[in-house]
Amino acid sequence: MEMGNICQNIRKSWKTLLYAIISQICMSFTDFMTDILAALELFTMMNTFLGSKDNLDVHVIWGSLTVVFMLMPGLMVAMQVISAYLSVKRQEKICVGDGSIATEEMSSMLTSNDSSIQVKYDEGFLHLPFAETSVQMEPTDESNVKMSQSIIENDENEKMFLDFFQTHWLIALMCFFLFPLGVLAAQVCYVCAILKGNEAKVKQLHFITTRLRGFEAFFESGPQFTLQIFRVAYTKKWTE
């Protein structure tokens, strides 16, 4: 990768790069580090390392819950990968067609007996092979079109999610078993894709990192915040 291309990509996508570094890597790293320090403090390991002589209680349950909450989103990532795999396999078995495909099938059915019969579909009208004869097709319901587009977009996202973890199996394993490291690794890949100017990879990694941050927020940060509130309310101390 040439330095000139990197500088050009930075000038072109500096906002996206700044977002990836500050709003993703820095925030996730800070969040995970505070959780690790909180767990070590609950196990009193941090106080032992710092040489503190205070007799502090060892909160094994709270410390264990802190560690479990850090790793719990990995289970959600694994379930999402399985769901995406099943969705992609299901879509491979289903043939979904639009109006033009249905018209082609109808045309082939009508021309099967007589090769001279021709059927044309143009701007909502089905032209039959008779003089001045045509049938107006009912317009497609706009809500159904939007629903179909939403389904197609969801299927594309699922395929994108599955393709990433099939290609980057090491990051997938880290996300499953060491979720914090997996998230940071995916975010670093996001930054590298921006620097390389790979638009397809940037789009994919933006989707991946956004979904991983969603897992982090709901299944790691939320329970951690609730646990810390309970800890403060129970011990009536902000710090040990």
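Could you tell me which residue of the stretch 142-159 is modelled with the highest pLDDT, considering only residues that are of a type in the set (Asp, Glu) and open to solvent by 60 Å² or more (accessible area, probe 1.4 Å)?
Glu156
Under 9 Å between Cβ atoms, which residue pairs at least 6 apart in sequence (or on different chains) link something in the stretch 65-76 that is over 16 Å from Gln228 (Cβ atoms) with a partner that is at pLDDT 90 or above and assigned to a loop (DSSP other than H, G, I, E, B)?
Leu71/Leu178; Gly74/Leu178
Taking helices (runs of 4 or more DSSP H) that fall entirely within the stretch 160-232, which contain at least 2 residues that are open to solvent by 30 Å² or more (accessible area, probe 1.4 Å) and closer than 17 Å to Thr30 by Cβ?
Per the criteria, 179-196.
The values are calculated or read from the model by the stated rules, or taken from the named source; none is laboratory data. Everything quoted here is computed from the prediction, not taken from an experiment. Please note: Cβ atoms are built from the backbone with ideal geometry, for glycine as well, and neighbour counts cover all protein chains shown. Keep in mind that these areas ignore ligands, DNA and RNA; they rest on the heavy atoms of the full protein, side chains included. Shrake-Rupley method; radii C 1.70, N 1.55, O 1.52, S 1.80 Å.
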